[in-house]
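The values are calculated or read from the model by the stated rules, or taken from the named source; none is laboratory data. Keep in mind that what you see is a predicted model, and the values were worked out from it rather than measured. Note that we place each Cβ from the backbone using ideal geometry, even for glycine, and neighbour counts take in every protein chain shown.
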Amino acid sequence: MIQSSFTERNLQLLFPLPAIVFVAMLMVFPVLYTSYLSFTNWNLTSGAEPTFVGLRSYARVLSEPRFLHALARTFAFTLFAVVIEGFLGVAAALILNRAFAGKSVAKLLLLLPLVATPIAVGIVFNLFFDPTIGLANFVLQAFGLPPGLWISSENSVIPSLILVDVWQWTPMITLIVLAGLAGLSEEPVEAARIDGASEWQILRLVTIPMVMPVILTALILRLIDALKTFDIIFAMTGGGPGYASETLNIMGFKYSFEYFRMGQSAVILVVLFVVVFGCSLGIMKLRASSEV
């Protein structure tokens with residue numbers, strides 16, 4: 001009996017091993033290096049080497065009111081954007097799951113925001129929200145309503161950015177949920193109809209519970225992306241006016257490439273990583289419990 005070699009016995013592991021090692025290094029090294037920098041006081045303007053200062057760098061950043069406000073804005077932006085996108089996305093998916101005239105055209109139009117570059121979206125909406133020549137104020141004045149300042153006001157800049165985010169990313173939720181609806185079995189729905197259930201009862205008690213794992217998966221993906229939103233905010237406001245739209249991502253960018261305080265920037269990014277990781281785990285546990 002000829003014994004097979006180690007390579008032949010472990011082909012299923014050896015073939016993907018180089019790709020696994022490469023991806024692991026690509027993901028692990030930036031996290032470890034950023035974590036190391038967060039314990040230093042590295043400042044590029046000083047020209048000095050990074051010096052280990054322990055938790056003093058964390059204490060300095062976490063005690064800043066600017067950081068606390070940026071953290072609160074990050075949560076507010078993410079919460080409202082994801083909740084609205086989830087509600088509208090599921091509603092649109094339920095509508096598109098039915099047969100009606102023009103369904104193909106509706107799906108095509110739904111894809112248009114997704115194919116647009118976020119930076120281009122930000123530039124276009126800057127013109128849309130312009131207080132003097134913007135279409136938004138033109139429509140408001142046409143209905144006899146007072147014009148708004150939109151992204152030029154501290155009170156309305158976050159809601160305006162949420163509106164843009166909802167416009168661009170609601171279709172993603174819709175497409176994921178629509179794919180989940182297409183894969184559902186018709187037998188539970190038919191059984192509910194035979195038992196005399198109304199369409200609303202079928203939707204609430206049969207369809208939604210069956211597709212809930214897919215909805216939560218879509219929300220996980222959107223939550224992770226919304227927490228680290230950068231391009232739209234940077235293109236439209238740059239964190240302004242003042243610091244009114246500055247989230248953790250924007251603050252980390254400014255500390256790195258405007259103030260060159262790399263150690264404190266790393267602290268901000270580590271906190272953002274922990275927030276994203278923690279929120280993702282929470283929704284994944286909720287998804288797991290919905291499948292039981």
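Out of F39, F22, F75, F6, I need the residue that is under 30 Å from I233 (Cβ atoms) and either out of contact with any strand residue (DSSP E or B) (no Cβ under 9 Å at 6 or more places or on another chain) or among the charged types (D, E, K, R) (or both). Which one?
Details: F39 fails: either out of contact with any strand residue (DSSP E or B) (no Cβ under 9 Å at 6 or more places or on another chain) or among the charged types (D, E, K, R) (or both); F22 fails: under 30 Å from I233 (Cβ atoms); F6 fails: under 30 Å from I233 (Cβ atoms).
Result of the check over F39, F22, F75, F6: F75.
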Give T247, T237 a once-over and let me know the one that is under 26 Å from G282 (Cα atoms) and either over 17 Å from the mean Cα position of the chain (by Cα) or buried (at least 18 other Cβ atoms within 10 Å of the Cβ) (or both). T247
Just a yes or no: is a residue in region 212-221 under 13 Å from the mean Cα position of the chain (by Cα), among the β-branched types (V, I, T) and part of a helix (DSSP H, G or I)? yes
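Being over 15 Å from T247 (Cα atoms) and either without any contact (Cβ under 8 Å) to a residue 60 or more places away in the chain or more than 14 Å from the chain's Cα centre (by Cα) (or both) is the filter here, so list the residues in region 157-168 that pass it. Before you say what the answer is, go through the steps one by one.
Going residue by residue through region 157-168, those that are over 15 Å from T247 (Cα atoms) are 163-164, 166-168.
Correct list: L163, W167.
State yes or no: is G148 in a loop (DSSP other than H, G, I, E, B) and either in contact with a His (Cβ under 8 Å, 6 or more places away or on another chain) or exposed (fewer than 13 other Cβ atoms within 10 Å of the Cβ) (or both)?
Numbers: in a loop (DSSP other than H, G, I, E, B): yes; either in contact with a His (Cβ under 8 Å, 6 or more places away or on another chain) or exposed (fewer than 13 other Cβ atoms within 10 Å of the Cβ) (or both): no.
Criteria not met by G148.
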Count, please, the residues in region 258-270 that happen to be closer than 18 Å to T45 by Cβ, surrounded by fewer than 22 Cβ atoms within 10 Å (Cβ to Cβ) and within 23 Å of the chain's Cα centre (by Cα). 0
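Can you tell me which residues in region 235-264 are part of a helix (DSSP H, G or I), touching a Leu at 6+ places or on another chain (Cβ under 8 Å) and either touching a residue at least 24 places away in the same chain (Cβ under 8 Å) or among the β-branched types (V, I, T) (or both)? Let's see the steps before the verdict.
Narrowing region 235-264 to residues part of a helix (DSSP H, G or I): 235-236, 248-257, 262-264.
Now narrow it down to the ones that are touching a Leu at 6+ places or on another chain (Cβ under 8 Å): 236, 248-249, 252, 262-263.
The answer is M236, L248, N249, M262, G263.
Just for region 107-130: of the residues that are outside any helix (DSSP H, G or I) and modelled with pLDDT of 90 or more, which one is surrounded by the most Cβ atoms within 10 Å (Cβ to Cβ)?
Among those residues, the one meeting the criterion is F129.
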